[in-house]
Amino acid sequence: MNIDLETYIEEHCSEELPILRKIYRETHIKYLNPRMVCGHIQGMFLSLLSKMIQPEVILEIGTFTGYSAICLAQGLKPEGTLYTIEVNEEIVEVAQQYIAESEYSKLIQVIHGNAIEVVPQLSTSFDLIYIDGEKAEYPEYLEVCLPHLKVGGYLIADNVLWDGKILNTEAQDKATQALRKFNDAIKNNPSLEKVLLPLRDGLFLCRKIL
């Protein structure tokens, strides 16, 4: 996206919470792969979606430094819970520290582990699931998550356009192939209403109807 256009869009969004500005700034200064942090525009989109849905229980796959978890938690019902799963033990500690500084800390539970193994062990169902973990594992995430998504619940998946590599026939790396498989599985699943949005690196927004 053109930098001037992105600045214009950000200026016309609601302001970030102070803790989110801190996470975004420090993630870019201190940690590897800072592009993985959600950011202002997408964060506001997730926050507003969550507020519209008003979920009781949210599942997030891929915590990173906690930005998106805090955004999604803003829409939780008063006694709601957000479970966020992160495979990287070091970044789990970072996320926990930032989340503890937010007003939503009591609503967010950070789980260290591989989501493919953790999700089947969770004895709950979800109103909203946000997938932003290891791209090569997206098809497996879908397989383990859909049984836990309530009918009428929403699934959001990030990075589904993968910098345009989805359309590049020469791109045959594991992540790109997995994302193609994931996107096609969403497309061909009759239990899901879906729209693929060109927001940032591509967001799949789905609603379970069966």
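The values are calculated or read from the model by the stated rules, or taken from the named source; none is laboratory data. Only a predicted model underlies this, so the values are computations on that prediction, with no experimental measurement involved. Cβ sites come from the backbone with ideal geometry, for glycine too, and all protein chains shown count toward neighbours.
Consider region 150-179. How many of its residues are touching a helix residue (DSSP H, G or I) at 6+ places or on another chain (Cβ under 9 Å), small (Gly, Ala, Ser) and under 14 Å from residue 208 (Cβ atoms)?
To start, the set of residues in region 150-179 that are touching a helix residue (DSSP H, G or I) at 6+ places or on another chain (Cβ under 9 Å) comprises 153-162, 165-166, 168, 171, 173-179.
Filter once more, keeping what is small (Gly, Ala, Ser): 153, 157, 171, 175, 178.
Then drop every residue that is not under 14 Å from residue 208 (Cβ atoms), which leaves 153, 157.
Qualifying residue count for the region: 2.
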Restricting region 181-205 to residues that are touching a Lys or Arg at 6+ places or on another chain (Cβ under 9 Å) and assigned to a strand (DSSP E or B), the one farthest from residue 153 (Cα to Cα) turns out to be 196
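The rows are residues; the columns are (1) modelled with pLDDT of 95 or more; (2) of a type in the set (A, V, I, L, M); (3) within 15 Å of residue 132 (Cβ to Cβ).
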{"residue": "45", "(1), (2), (3)": "yes, no, yes"}
{"residue": "49", "(1), (2), (3)": "yes, yes, yes"}
{"residue": "54", "(1), (2), (3)": "yes, no, no"}
{"residue": "62", "(1), (2), (3)": "yes, no, yes"}
{"residue": "69", "(1), (2), (3)": "yes, yes, yes"}
{"residue": "79", "(1), (2), (3)": "no, no, no"}
{"residue": "88", "(1), (2), (3)": "yes, no, yes"}
Quick count over region 51-80, residues being among the polar types (S, T, N, Q) and over 19 Å from residue 111 (Cβ atoms), is 2
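Residue 204: of a type in the set (Phe, Trp, Tyr), farther than 27 Å from residue 5 by Cβ and surrounded by 12 or more Cβ atoms within 10 Å (Cβ to Cβ), yes or no?
On the way: of a type in the set (Phe, Trp, Tyr): yes; farther than 27 Å from residue 5 by Cβ: no; surrounded by 12 or more Cβ atoms within 10 Å (Cβ to Cβ): yes.
No, not satisfied.
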If we ask which residues in region 145-163 are free of Cβ contacts under 8 Å to residues at least 40 places away in the same chain and either crowded, with 21+ Cβ neighbours inside 10 Å or out of contact with any Asp or Glu (no Cβ under 9 Å at 6 or more places or on another chain) (or both), their number turns out to be 1
Restricting region 87-107 to residues that are surrounded by 18 or more Cβ atoms within 10 Å (Cβ to Cβ) and in contact (Cβ under 8 Å) with a residue 40 or more places away in the chain, the one nearest to residue 123 (Cα to Cα) turns out to be 87
Residues of region 178-210 being among the polar types (S, T, N, Q) and either under 20 Å from the mean Cα position of the chain (by Cα) or modelled with pLDDT under 95 (or both), in sequence order, are 183
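Does residue 45 satisfy the criteria of being in contact with a strand residue (DSSP E or B) (Cβ under 9 Å, 6 or more places away or on another chain), crowded, with 19+ Cβ neighbours inside 10 Å and farther than 28 Å from residue 123 by Cβ?
Values: in contact with a strand residue (DSSP E or B) (Cβ under 9 Å, 6 or more places away or on another chain): yes; crowded, with 19+ Cβ neighbours inside 10 Å: yes; farther than 28 Å from residue 123 by Cβ: yes.
It is true that residue 45 is in contact with a strand residue (DSSP E or B) (Cβ under 9 Å, 6 or more places away or on another chain), crowded, with 19+ Cβ neighbours inside 10 Å and farther than 28 Å from residue 123 by Cβ.
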Within region 112-143, restricting to residues that are assigned to a strand (DSSP E or B) and among the aliphatic types (A, V, I, L, M), the one that is surrounded by the fewest Cβ atoms within 10 Å (Cβ to Cβ) is 131
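With the condition being under 19 Å from the mean Cα position of the chain (by Cα), I'd like the helices (runs of 4 or more DSSP H) fully within region 1-111 carrying at least 1 qualifying residues.
On the way: elements: 3-11, 18-30, 40-53, 67-73, 89-101.
In region 1-111, 18-30, 40-53, 67-73, 89-101 are the helices (runs of 4 or more DSSP H) which contain 1 or more residues that are under 19 Å from the mean Cα position of the chain (by Cα).
Do we find that residue 147 is in contact with a helix residue (DSSP H, G or I) (Cβ under 8 Å, 6 or more places away or on another chain), assigned to a helix (DSSP H, G or I) and closer than 25 Å to residue 177 by Cβ in this structure? Can you show your working first?
Working: in contact with a helix residue (DSSP H, G or I) (Cβ under 8 Å, 6 or more places away or on another chain): no; assigned to a helix (DSSP H, G or I): yes; closer than 25 Å to residue 177 by Cβ: yes.
Taking the combined requirement at face value, the residue does not satisfy it.
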When residue 57 is run through (1) surrounded by 20 or more Cβ atoms within 10 Å (Cβ to Cβ); (2) over 20 Å from residue 138 (Cβ atoms); (3) touching a helix residue (DSSP H, G or I) at 6+ places or on another chain (Cβ under 9 Å), the failure sits at (3)
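Anything in region 10-42 that is aliphatic (A, V, I, L, M) and surrounded by 14 or more Cβ atoms within 10 Å (Cβ to Cβ)? List them, or say none.
Step one: filter region 10-42 for residues aliphatic (A, V, I, L, M), giving 17, 19-20, 23, 29, 32, 36-37, 41.
Across region 10-42, the qualifying residues are 17, 19, 20, 23, 36, 37, 41.
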